[in-house]
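Enquirer: Got a structure here, written out as structure tokens. Questions coming.
The values are calculated or read from the model by the stated rules, or taken from the named source; none is laboratory data. Fair warning: this is a prediction, and the values are worked out from it, not measured in the lab. Note that each Cβ is placed from the backbone with ideal geometry, even for glycine, and that neighbours are counted across all protein chains shown.
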């Protein structure tokens, strides 16, 4: 393993942490959901090409702790290409509660060579058949009103297919 | 706050004129003639439903078009079908001041050695030395100082360590050349 001197290590730690922090800032400043823009119920992190955590924003521990499993699941099921975003909320694929939707996107540097992955997750993306902005899956009595899990193998995975 | 619609430009023009009138009066009270004032207009804009604005300057191509472009540049996408909200109108007014002329330091034409104001004992690298102390304001342009020495002034003290060379340039800057680290 490559050894870094303490100064270089600290510079890169701050650099990658600021990437995750700025992802969060962009998410919050462009958000329409009060859950994101007011409650800040979101988290962002940067991973390497193998899905290992490089840096996390100063966000929600419950999101960040499980995010590596979500990224691993996304990388296991999808061969990420430039422009792809994998969306998932399945608790069996690294998701938490169903209203939390995780987005995993690849970052390519040096002309197409896969270099890393970033993920962000937030509550409040309106899930199918769930009341807007709800924090909980809807009534479990009726299967038709339940929030549907999105797994990385769902068909809706190409960026162009989201409106 | 109001939704973007026709007629908004005229309303904004009134608001900006009012702001400019107040700003011009404030700058005039501080002694800036109209020709020495600069007023820059900007708008705080966002999509309906967002809570944060982007501050943009109007290009004349339309407020919404300017905002869509700014949002795309900053965040990677725009929502052309969404309503653009004007949250605030800002004016930044500046009183233009003349640039301070660079003043050259007088040169000592007689070329005599610099006179130390006093000599003190100093510990440098663990050694006790007797070093000259110079008043920075007394140093003429072109002066060369023999190291080690100390230069004092109202707001700072400069130690010129053994082996360094120090020279005063024509603007009074102290140029130090340090000996290469052995």
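Enquirer: Under 7 Å between Cβ atoms, at least 6 apart or on separate chains: pull out the pairs that start in the stretch B:122-142 with a residue that is not assigned by TED's automatic domain parsing to the domain that holds residue B:164 and end on any residue that is modelled with pLDDT of 90 or more and surrounded by fewer than 10 Cβ atoms within 10 Å (Cβ to Cβ).
Expert: Within 7 Å, no pair qualifies.
Enquirer: Quick one: how many residues across the stretch B:106-128 are touching a strand residue (DSSP E or B) at 6+ places or on another chain (Cβ under 7 Å) and modelled with pLDDT of 85 or more?
Expert: Residues meeting the conditions: 6.
Enquirer: In the stretch B:64-85, what count of residues is obtained for those that are touching a residue at least 12 places away in the same chain (Cβ under 8 Å), touching a helix residue (DSSP H, G or I) at 6+ places or on another chain (Cβ under 7 Å) and surrounded by 15 or more Cβ atoms within 10 Å (Cβ to Cβ)?
Expert: Number of matching residues: 1.
Enquirer: Filter the stretch B:144-182 down to residues that are over 19 Å from residue B:103 (Cβ atoms), touching a residue at least 24 places away in the same chain (Cβ under 8 Å) and assigned to a loop (DSSP other than H, G, I, E, B), then give me how many there are.
Expert: Residues in the stretch B:144-182 being over 19 Å from residue B:103 (Cβ atoms), touching a residue at least 24 places away in the same chain (Cβ under 8 Å) and assigned to a loop (DSSP other than H, G, I, E, B): 3 in total.
Yes/no per residue for (1) in contact with a strand residue (DSSP E or B) (Cβ under 6 Å, 6 or more places away or on another chain); (2) within 24 Å of residue A:25 (Cα to Cα); (3) within 14 Å of chain A (Cβ to nearest Cβ):
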residue	(1), (2), (3)
B:20	yes, no, no
B:29	no, no, no
B:42	yes, yes, no
B:60	no, no, no
B:73	no, yes, yes
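Residues are listed down the side, and each one gets a yes or a no for (1) over 28 Å from the mean Cα position of the chain (by Cα); (2) within 30 Å of residue B:55 (Cβ to Cβ); (3) not in a loop (DSSP other than H, G, I, E, B):
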position: B:80; (1), (2), (3): yes, yes, no
position: B:85; (1), (2), (3): yes, yes, yes
position: B:90; (1), (2), (3): no, yes, yes
position: B:94; (1), (2), (3): no, yes, yes
position: B:100; (1), (2), (3): no, no, no
position: B:105; (1), (2), (3): no, no, no
position: B:116; (1), (2), (3): yes, no, no
position: B:120; (1), (2), (3): yes, no, yes
position: B:132; (1), (2), (3): yes, no, yes
